[in-house]
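This report refers to the structure that appears directly beneath it.
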Amino acid sequence: MDTEQIIIGAKVEHPQFGVGIVTKTTLTTIRVFFLNRGDKEIAKSFQGLKLVEPSEVQNLGEGGGGSSQISLADLEKVFTGVLKRYADFPELVEMADKWKRGVMILKPGVSDLKSKEIPIDAFFHKIVLVRDRLRVLEQRINSNEKLEDDEKVNLQQYITRIYGSLTTFNVFFKHKEQYFIGERGSGE
């Protein structure tokens, strides 16, 4: 195994433990955090470890002792990136100030039925959950090894259309970069 690219923050795959993130390297070992197995020390001479994705962490200052230790800030950056990519880990999404403490009134077309009030905050939370779950679905489709590329493209088109159907709700988002973007907006 070429251990030059297996540095802190790199995503690696072990035949028994699955995919993990490198958190420490020494002259003879590599420490890898596996989501379902925890920390494991692996000998650098082990030939079964494969590099899946290079590290995004740079300039950790490999000391003269041949050991490299990740800082807490770097570790947080690596794990936040992993969680965002592979877990149902929603980002902080703010609702536009004008809607805070607001209420939606659903008034039936039949006059003898009562109206229903729904706090906009609760409705907005549901919209954000739908968006986040669509993103996770999209990531799982794109990383699925059993699907052919044309199948992935076909499913991606459906997801893009769903995003397009949800653009009406962009009015609730405080930040434009968190908007739903459909087919027409995807090229911008």
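Looking at residue 41, is it out of contact with any His (no Cβ under 9 Å at 6 or more places or on another chain), at pLDDT below 85 and among the acidic types (Asp, Glu)? The answer is no for residue 41.
For residue 73, the conditions (1) closer than 26 Å to residue 53 by Cα; (2) at pLDDT 90 or above; (3) exposed (fewer than 11 other Cβ atoms within 10 Å of the Cβ) all hold with the exception of (2). For the range 1-40, the candidate set comprises residues that are free of Cβ contacts under 8 Å to residues at least 40 places away in the same chain and hydroxyl-bearing (Ser, Thr, Tyr); within that set, the residue that is surrounded by the fewest Cβ atoms within 10 Å (Cβ to Cβ) is 28.
The values are calculated or read from the model by the stated rules, or taken from the named source; none is laboratory data. The shown structure was predicted, so the numbers you read here are calculated from the model rather than taken from an experiment. Cβ coordinates were reconstructed from backbone atoms using ideal geometry, including for glycine residues, and neighbour counts include every protein chain displayed.
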